[in-house]
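Just so it is clear, none of the values below were taken in a lab; they were calculated from the coordinates. Given the structure is predicted, the values throughout are model-derived calculations rather than measurements. All Cβ positions, glycine included, derive from the backbone under ideal geometry; neighbour counts span all protein chains shown.
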Amino acid sequence: MNDKKTILSGIQPSGELTLGSYLGAIKNWVELSSDYDCFYCIVDMHAVTVRQDPALLRKRTLEQLAQYIACGLDPEKNTIFIQSHIPELAQLTWVLMCHTGFGELSRMTQFKDKSAKNSDNINAGLFTYPVLMAADILLYQAHLVPVGGDQKQHVELTRDIALRFNALHGEVFTIPESFIPKIGARIMSLTSPENKMSKSDADPDGCVFLMQKPEEIMRRFKRAVTDSETNVRFDPAKKPGISNLISVYSAVSGNSITETEALFSGKGYGDFKTAVGEAVVELFRPIREETDRLLGDKAYLESAYKKGAEKASGVAGKTLRKIYKKIGFIPL
Ligand code: TRP
């Protein structure tokens, strides 16, 4: 047995991975993987809370797995798996739903946002989505949950559910904490830098994708919204566009914000945007090539997700048996 703390996180295969997903999540996941016992999943069950094209969902799920690995997440060192492969998750979700208030779920801001955006399909899954996420976290007894700021409320809810359950039935769940990385979580849209870069952004030019061709990446950076000044200075309130580009360049190059400012002091926005674009192109090139290579090796990908499912279900089964016993279900 090891005494490492457990980390769990996941990304929905509801779109292509972006620069924001890489810098905000996956890059940090890779760094965490040596010090923690890490579970990283592809949350296809969350993705179907909004309509998905089945063939595309399948393709994106596999592509996301290949990308996780190409970004440096080693399936030997981490538990990398597909959410729907673990039936215990749906089973635990039911139990947790019976420990979650209707009012609590009604207060979730993401539910309000998403139901406004999907007014023709406000399904029960969209409403109970945070409980499925709580089950993800609690099933694997995660201590830390790396997420973007938009998911913090869901982790808070997870804590409330876990504390409530433990108070009723004894200490069975580890109480998780969210873990919000400093820089990466704040990568903003290139065209509307007040908003987070998101794969579901209405304006595709706001986003840069991991698998995009270099020319297309460069085009988007060159068209990034800036301001009417001329100095490369970090000031998110007054200069959100330029500050975002500084964050990107710093995260990619490993420079501090001040070092990046110094590097481009006296240079025009045009040169700066080109430099940021080129840095991202070079960062993504090997990842894109490795992803393509892995996608050509379906047997390997299949063995990777099978191994992940096997590791995950060991932990999942153990937790679920405990929970079922606590609430009075008769073991079969
Ligand atoms: N809801 C998260 C998002 O959209 C994804 C997610 C699902 C998740 N389950 C999780 C994140 C468990 C962290 C832990 O970003």
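For the stretch 194-332, the C-alpha radius of gyration sits at 1.57 times the compact-globule guess of 2.2 N^0.38 Å, with N the residue count. The orientation-averaged projected area of the convex hull spanned by the Cα atoms of the chain comes to 18.1 nm². Using only Cα atoms, tell me the angle between helix 269-295 and the longest principal axis of the chain; keep it within 0 to 90° and round to the nearest 10. Result, in degrees: 40. The slack between Asn255 and His169, meaning 0.36 nm per residue of separation minus the straight C-alpha distance, is 26.0 nm.
Among Gly277, Gly254, Tyr300, whose Cα projects farthest towards the positive end of the dipole of the stretch 239-314, with charges put on the beta-carbon of Lys, Arg (+1) and Asp, Glu (-1)? Going by the charge dipole, the pick is Tyr300.
Here Lys311 and Ala202 are evaluated by their C-beta separation; at R0 = 45 Å the FRET efficiency comes out at 0.70. Restricting the trypsin sites (Lys or Arg not before Pro) of the stretch 98-154 to loop positions (DSSP other than H, G, I, E, B) with no more than 16 neighbouring Cβ atoms within 10 Å leaves Arg107. When exposed loop sites are taken as GluC sites (Glu not before Pro) in a DSSP loop with at most 15 other Cβ atoms within 10 Å, the longest stretch of the chain clear of them is 230-332. Here the Gaussian network model covers the chain, with springs between Cα atoms less than 10 Å apart; of Thr230, Thr100, Thr260, Thr230 fluctuates the most.
Put simply, the Cα atoms of the stretch 162-269 extend 62, 30, 24 Å along their principal axes, the longest span coming first. Using only Cα atoms and rounding to the nearest 10 degrees, what angle (0 to 90) does helix 298-327 make with the longest principal axis of the chain? That helix lies at roughly 50 degrees to the long axis.
Could you tally the net charge around Gly10, taking each other residue with its Cβ under 12 Å from the Cβ of Gly10, Lys/Arg +1 and Asp/Glu -1? Result for the neighbourhood of Gly10: -2. Can you compute the modelled spin-label distance between Lys77 and Ala237, with each label point 7 Å from Cα toward Cβ, in nm? So the two model labels end up 4.1 nm from each other.
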